[in-house]
Amino acid sequence: MSAPLPEFTLLHPHDVDAALAAAKAHPEARFVAGGTDLLVNMRHGIGAPDTLISLSRIKALRRISATDDGLFIGAGVTLAELARHPVLRHYEAIRDAACVVAGPSHRNAATLGGNLCLDTRCLYYNQSDWWRHSNGYCLKYRGEICHVAPRGKRCRAAFCGDMAPALMVHGARIELATADGTRHLPLEAFYLEDGAAHLVLAPDEIVTGVYLPPNDADSARSAYTKIRIRQAIDFPLAGVALACDPVAEGLRFRLAFTGTNARPVLVDLPEALDSGANDATRDDYFNGLEKLVQRSVSPQRTTTTQPHYRRLAVAAMARRLAVGLAAGSAAGSAAG
Amino acid sequence: MSKTHVTTTINGTRTEFLCEANETLLTVLRDRLHLTGAKEGCGSGDCGACSVTLNGRLVASCLVLGVEAEGAEITTVEGMAEGGELHPLQQKFLDLAALQCGVCTPGILVAAKALLEKNPDPSEQEVRYWLAGNLCRCTGYDKIIKAVLAAAADLRGAA
Ligand SMILES: Cc1cc2nc3c(=O)[nH]c(=O)nc-3n(C[C@H](O)[C@H](O)[C@H](O)COP(=O)(O)OP(=O)(O)OC[C@H]3O[C@@H](n4cnc5c(N)ncnc54)[C@H](O)[C@@H]3O)c2cc1C
Ligand code: FES
Ligand code: FES
């Protein structure tokens, strides 16, 4: 049998204000949404908050709505809902990503907010308490050194959420609230390159949702793909989201990666792919893209799969997605 | 710690229980209500042996807090047979020998039933995708998939 959960008090606020007041009153509290990440970690002896503030009864967080300038998705929307919601048909990368998080039962409980705040992961961290104890714990929690990079001062655990890169290539902004007010950040500014403190979220701050700019042009396309150990259900060893936008010069690509760094990494390709390019020029362009991706990510020994392999794989996946979307978009404009 | 009073409907019967905040729905079902059909294979969301439905949605009950079941409709494997007659999925699992040790079976039956309620005519690939969260260490899955497809055909015939 696995270890029972440590004791805590469970609060059930009915609205965001009450949740924020509870967070202010209980500085050691944690929010719990679907629980599919937090409860697993707590069972492994990672964190023992005295209070959990459940977000499950806050209806306002479960809203998906069209706004004047795009779309709002509440933090409490489940990934199963996102995977089948018709408003996401123009945001293919987001829908693709929602379909490949964990397995069907997890997606029914897992929320978008929980996915964006997912704890970072590492071979030396996602283990039972006795395992980590026998190994002297680690820098991320209760220990002194990072077993992945023992001479470094920083935890190298990797961010492995699937949704963040997909939202980033669509230009998402995240909305955060405390009892004192609300702030908005580009999603990429929500993350830091430190595996032990990878979010700019304050302890009494809540993610209320994300805003997406409109994306109704038929030709703007995107996709998400990942590699994982168990193909059917697993965190990404590495994942790639890509969006391509037709611009005057041709096609412009924006890429984002997960599983490779302590934060999801966003890369805007400096040059567009010339729509009139011949085969050789196109090939050069995609070679350049692959090289840029390899330089932009820094996978570490956080999984049983070697960093070098993950670096090559993420670049190859990025190229494959870019070639596919470029071909689709050329076919689309020829047909149109 | 003080216990919370929770009112739910389990397999169609109104059920009340008291539980601690840190008890999972799986612990409540097994240890408080003696519904031992759902199994604990891992306790960390990896295996699916604890699958039940909560308001019609398949969930891993080892990752749901018991208190979150307040007001919810829950179904477990115990609710599948009606009046002593096995559900077609259960019957096909027996007929086609889709189990060996049986630890994964209750979770797979509940997950397969949830699938067939949404999609009565799934392809083999859809069955495999839907059962992705349910591990079986014995059968190699082939017979499980065949049994689910056969039960689906049976249920369509009966409808
Ligand atoms: C077997 C298994 C496989 C998995 N595979 C994947 C995978 O492939 N890809 C993937 O991305 N994830 C995976 N997960 C992890 C998890 O299921 C998802 O990331 C899920 O989306 C987390 O959401 P949740 O609502 O369950 O989060 P919770 O566990 O409730 O919360 C996670 C964290 O977010 C915080 N939080 C939650 N909501 C808010 C909010 N609104 N404001 C502020 N903080 C908040 C919590 O305090 C906690 O720190 C897997 C999990 C399991 C058990
Ligand atoms: S016991 Fe719940 S998934 Fe394994
Ligand atoms: S029959 Fe033994 S685990 Fe599936």
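The values are calculated or read from the model by the stated rules, or taken from the named source; none is laboratory data. Just so you know, these numbers come straight off a predicted model, no measurement behind them. Glycine also receives a Cβ, built like all others from the backbone with ideal geometry; neighbour counts cover every protein chain displayed.
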| task | Test residue B:69 against the stated conditions and say whether it is within 16 Å of ligand 2 (Cβ to nearest atom), in contact (Cβ under 8 Å) with a residue 60 or more places away in the chain, at the interface with another protein chain (Cβ under 10 Å from one of its Cβ atoms) and under 20 Å from residue A:55 (Cβ atoms). | result | no
| request: Return a yes/no flag: does the range B:56-65 have any residue that is more than 16 Å from ligand 2 (Cβ to nearest atom), buried (at least 20 other Cβ atoms within 10 Å of the Cβ) and either modelled with pLDDT of 95 or more or facing chain A (nearest Cβ under 10 Å) (or both). | output: no
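Determine, yes or no, whether residue A:138 is buried (at least 22 other Cβ atoms within 10 Å of the Cβ) and near ligand 1 (Cβ under 9 Å from one of its atoms).
no
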| What is the one condition in (1) more than 14 Å from chain B (Cβ to nearest Cβ); (2) under 21 Å from residue A:161 (Cα atoms); (3) not in a helix (DSSP H, G or I) that residue A:56 does not satisfy? | (1)
| said: Conditions first: (1) touching a strand residue (DSSP E or B) at 6+ places or on another chain (Cβ under 6 Å); (2) more than 16 Å from ligand 1 (Cβ to nearest atom). Residue B:67 passes all but one, so which condition is the exception? | reply: (2)
| field | Among residues of the range B:121-159, those that are more than 17 Å from the chain's Cα centre (by Cα) and in contact (Cβ under 8 Å) with a residue 24 or more places away in the chain, counted | value | 15
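Kindly establish whether residue B:100 is modelled with pLDDT of 95 or more, part of a loop (DSSP other than H, G, I, E, B) and surrounded by fewer than 18 Cβ atoms within 10 Å (Cβ to Cβ). Lay out the reasoning, then the answer.
Working: modelled with pLDDT of 95 or more: yes; part of a loop (DSSP other than H, G, I, E, B): yes; surrounded by fewer than 18 Cβ atoms within 10 Å (Cβ to Cβ): yes.
It is true that residue B:100 is modelled with pLDDT of 95 or more, part of a loop (DSSP other than H, G, I, E, B) and surrounded by fewer than 18 Cβ atoms within 10 Å (Cβ to Cβ).
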| Which numbered condition residue A:244 fails, given (1) surrounded by 15 or more Cβ atoms within 10 Å (Cβ to Cβ); (2) without any contact (Cβ under 8 Å) to a residue 24 or more places away in the chain | (2)
| note | Pairing a residue in the range B:13-36 that is within 14 Å of another protein chain (Cβ to nearest Cβ) and closer than 10 Å to residue B:65 by Cβ with any residue that is of a type in the set (Phe, Trp, Tyr) and buried (at least 18 other Cβ atoms within 10 Å of the Cβ), where Cβ atoms lie under 9 Å and the two sit 6 or more apart in sequence or on different chains, gives B:21/A:8; B:22/A:8; B:28/B:17
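Identify, please: which residue in the range A:66-85 is more than 21 Å from the chain's Cα centre (by Cα) and not β-branched (Val, Ile, Thr) and is, among those, nearest to ligand 2 (Cβ to nearest atom)?
Among them, the one singled out is A:66.
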| query | For residue B:33, are the conditions met, namely being under 30 Å from residue A:12 (Cα atoms) and more than 16 Å from ligand 1 (Cβ to nearest atom)? | reply | yes
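Yes or no, residue by residue, for (1) assigned to a helix (DSSP H, G or I); (2) in contact (Cβ under 8 Å) with a residue 40 or more places away in the chain; (3) within 15 Å of the chain's Cα centre (by Cα); (4) within 9 Å of chain B (Cβ to nearest Cβ):
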position: A:45; (1), (2), (3), (4): no, yes, no, no
position: A:49; (1), (2), (3), (4): no, yes, no, no
position: A:52; (1), (2), (3), (4): no, yes, no, yes
position: A:89; (1), (2), (3), (4): yes, no, no, no
position: A:94; (1), (2), (3), (4): yes, yes, yes, no
position: A:98; (1), (2), (3), (4): yes, yes, yes, no
| query | Which ones in the range A:1-29 are outside any loop (DSSP other than H, G, I, E, B), surrounded by fewer than 17 Cβ atoms within 10 Å (Cβ to Cβ) and more than 13 Å from chain B (Cβ to nearest Cβ)? | reply | A:17, A:18, A:21, A:24, A:25
| note | Flagged in the range A:60-76 as touching a residue at least 40 places away in the same chain (Cβ under 8 Å) and either within 13 Å of ligand 1 (Cβ to nearest atom) or among the basic types (Lys, Arg) (or both), in numbering order, are A:60, A:61, A:63, A:73, A:74, A:75, A:76
| In the range B:76-97, how many residues are out of contact with any Leu (no Cβ under 8 Å at 6 or more places or on another chain), over 18 Å from residue B:157 (Cβ atoms) and surrounded by 11 or more Cβ atoms within 10 Å (Cβ to Cβ)? | 3
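Which members of the range B:27-55 meet the condition of being away from ligand 2 (no atom under 11 Å from the Cβ) and of a type outside the set (A, V, I, L, M, F, W, C)? Even if it seems obvious, please write down each step before you answer.
Quick first cut of the range B:27-55, residues away from ligand 2 (no atom under 11 Å from the Cβ) only: B:28-29, B:31-37, B:53-55.
The answer is B:31, B:32, B:34, B:36, B:37, B:53, B:55.
With respect to residue B:112, is the statement that it is in contact with a Leu (Cβ under 9 Å, 6 or more places away or on another chain) and either within 14 Å of ligand 2 (Cβ to nearest atom) or within 14 Å of chain A (Cβ to nearest Cβ) (or both) true?
Working: in contact with a Leu (Cβ under 9 Å, 6 or more places away or on another chain): yes; either within 14 Å of ligand 2 (Cβ to nearest atom) or within 14 Å of chain A (Cβ to nearest Cβ) (or both): yes.
Considered against the rule, which asks whether it is in contact with a Leu (Cβ under 9 Å, 6 or more places away or on another chain) and either within 14 Å of ligand 2 (Cβ to nearest atom) or within 14 Å of chain A (Cβ to nearest Cβ) (or both), residue B:112 comes out as yes.
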| Answer residue from the range B:116-137, given it is facing another protein chain (nearest Cβ under 8 Å) and more than 16 Å from ligand 3 (Cβ to nearest atom) and is surrounded by the most Cβ atoms within 10 Å (Cβ to Cβ) among those | B:130
| query | In the range A:157-178, what residues are in a strand (DSSP E or B) and in contact with a helix residue (DSSP H, G or I) (Cβ under 9 Å, 6 or more places away or on another chain)? | reply | A:173, A:174, A:176, A:177, A:178
| Of the residues that sit in the range B:138-159 and are within 16 Å of ligand 3 (Cβ to nearest atom) and part of a helix (DSSP H, G or I), which one is surrounded by the most Cβ atoms within 10 Å (Cβ to Cβ)? | B:148
